[in-house]
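Some notes on the structure that comes next.
The values are calculated or read from the model by the stated rules, or taken from the named source; none is laboratory data. Remember, it's a predicted structure, so these values are computed and weren't measured experimentally. Note that we place each Cβ from the backbone using ideal geometry, even for glycine, and neighbour counts take in every protein chain shown. Please note that ligands, DNA and RNA were not included when accessible areas were found on the heavy atoms of the full protein model with its side chains. Shrake-Rupley method; radii C 1.70, N 1.55, O 1.52, S 1.80 Å.
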Amino acid sequence: MTDEPLLLRALRLEPVPRPPVWLMRQAGRYMAEYRAVRERVSFLELCRTPGLCARVMADAVDRLGVDAAIIFSDILPILVPLGFDLDYLPGDGPVIRNPFRAKEDLARVPETIDTGRISYIFETVAETRRTVPKEKAVIGFAGAPFTLASYAVEGGSSRLFARTKTLMRTDPELWSRLMDRLVDAVTQSLLGQAAAGADALQVFDSWAGALTPDEYRKFAAPYTERLLARLAGKVPVIYFCAGNPALLPETARLSAACLGIDWRIPISEACRIVGPKFAVQGNLDPTVLLADKQTIRAEAGRILDAVGRRPGFIFNLGHGVLKETPVEHAVELVRAVREFAVSSS
Ligand code: 1CP
């Protein structure tokens, strides 16, 4: 018996006794233990305290019975060494007080970041690796360049990404200079996380789904590809692009080991589009976890029956756990996936 994490075997498309399972945003506000920690420290302080990050994630992994620990961190703190003034406001989410809007703003975005300013992320990886059992994979992560640019330009969360799209269309040269700097910073972060002991890395492109396939090909994919190419041969990378199944044929050209699939497309259809060369991860609608346990089992079963035996299938949600989710429902989902045996017919 090997204690190599199931997730790593699945990422290499090797046979596994059952699909590995973990949940995006598996530690967070839906868990009482997490809320108790947050009563004592702010979110940014928590991110900057590796021992506490490792504890928060290890407790969630233990409670849920999942096969992987994603490090407890966030995609946005990388913007701080890039010259952005980031804060998280209770209820409103992230804010960037000095957003990127014009040519003059480029001068305050360094070409390379001082990685000393994100060393707490690397320490969180190392500490999480020391804390969780060795048969569980530790996943490092970062935001994709487009998604990070959208926060930098909008100054926070957005629904329409109007400023971001206007900048990229009206000043493609400035857009590309900003994206180059994001690619470099994210590359430094992910290489550092790999060196600190991450078994796999995930790149979150949460908002690239707002683009058309043409725009994605022009304004987002080349930068993501440059990032992925720099990580090639180091550790396997999962690329998760949410919100727009029309982008799948584009994402299937990228140098990732695995593609994350949201819930807006049947998983069998997504697998057909991306072909056999990628592992695939997803795609249960996170709102299913708000329903009763019987419904949760039925919906998970539907996905497992369709692709549970496909080499390289990793069970996950189609986006992050919602904060209204009852923890026992998430536990029940993981139990249902763990009961699925690949050899049964
Ligand atoms: O306590 C709090 O109020 C903070 C809430 C919170 C948490 C728990 C934020 C603020 N970030 C996180 C942790 C986090 N973020 C993790 C690690 C925990 C885990 O997965 O279990 C990860 C992987 C992320 C990644 C993240 N942050 C993404 C990509 C995934 C996704 O959901 O699309 C994005 C877009 C963010 C930005 C962000 N950070 C926090 C919030 C509320 C948001 C989203 C804001 C928005 O909708 O624009």
query = Among (1) of a type outside the set (F, W, Y); (2) part of a loop (DSSP other than H, G, I, E, B); (3) open to solvent by 10 Å² or more (accessible area, probe 1.4 Å), where does Q26 come up short?
reply = (3)
key: Pairs, first among the hydroxyl-bearing types (S, T, Y) in segment 137-165, second near the ligand (Cβ under 9 Å from one of its atoms) and open to solvent by less than 10 Å² (accessible area, probe 1.4 Å), C-beta under 7 Å, six or more apart   = T147/D205; Y151/L76; S158/S150; T164/S150
query = So, of the residues in segment 29-53 that are away from the ligand (no atom under 11 Å from the Cβ) and among the aliphatic types (A, V, I, L, M), which turns out to be surrounded by the most Cβ atoms within 10 Å (Cβ to Cβ)?
reply = L52
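If a residue must be over 12 Å from D67 (Cβ atoms) and assigned to a helix (DSSP H, G or I), how many such residues does segment 5-20 contain?
To start, the set of residues in segment 5-20 that are over 12 Å from D67 (Cβ atoms) comprises 12-15.
This time we only want the ones that are assigned to a helix (DSSP H, G or I), so: none.
Adding up the residues that qualify gives 0.
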note = Checked against (1) farther than 20 Å from L44 by Cβ; (2) more than 16 Å from the ligand (Cβ to nearest atom), V153 satisfies every condition except (2)
Among (1) β-branched (V, I, T); (2) surrounded by fewer than 17 Cβ atoms within 10 Å (Cβ to Cβ); (3) within 26 Å of L7 (Cβ to Cβ), the one test that V235 misses = (2)
request  = Kindly indicate the residue of segment 114-167 that is part of a loop (DSSP other than H, G, I, E, B) and within 25 Å of L52 (Cα to Cα) and also farthest from the chain's Cα centre (by Cα) among those meeting that condition.
outcome  = D114
query = Filter segment 75-89 for residues that are near the ligand (Cβ under 10 Å from one of its atoms) and out of contact with any Leu (no Cβ under 6 Å at 6 or more places or on another chain); which is farthest from D184 (Cα to Cα)?
reply = L89
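Of these, R130, R159, which one is closer than 23 Å to G260 by Cβ and modelled with pLDDT of 95 or more? Walk me through it before giving the result.
Numbers: R130 fails: closer than 23 Å to G260 by Cβ.
Residue meeting the stated conditions: R159.
Can you pull out the residues in segment 192-222 that are of a type in the set (D, E) and either outside any strand (DSSP E or B) or open to solvent by 30 Å² or more (accessible area, probe 1.4 Å) (or both)?
D199, D214, E215
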note = Taking first residues from segment 314-342 that are over 26 Å from L8 (Cβ atoms) and second residues anywhere that are open to solvent by 30 Å² or more (accessible area, probe 1.4 Å) and part of a loop (DSSP other than H, G, I, E, B), the pairs with Cβ under 6 Å that are 6 or more apart or on different chains are K323/R29
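Output the residues belonging to segment 168-191 that are open to solvent by 20 Å² or more (accessible area, probe 1.4 Å) and not polar (S, T, N, Q). Break it down stepwise before answering.
Restricting attention to segment 168-191, the residues satisfying the condition of being open to solvent by 20 Å² or more (accessible area, probe 1.4 Å) are 169-173, 176-177, 180-181, 184, 188, 191.
Result: R169, D171, P172, E173, R177, D180, R181, D184, L191.
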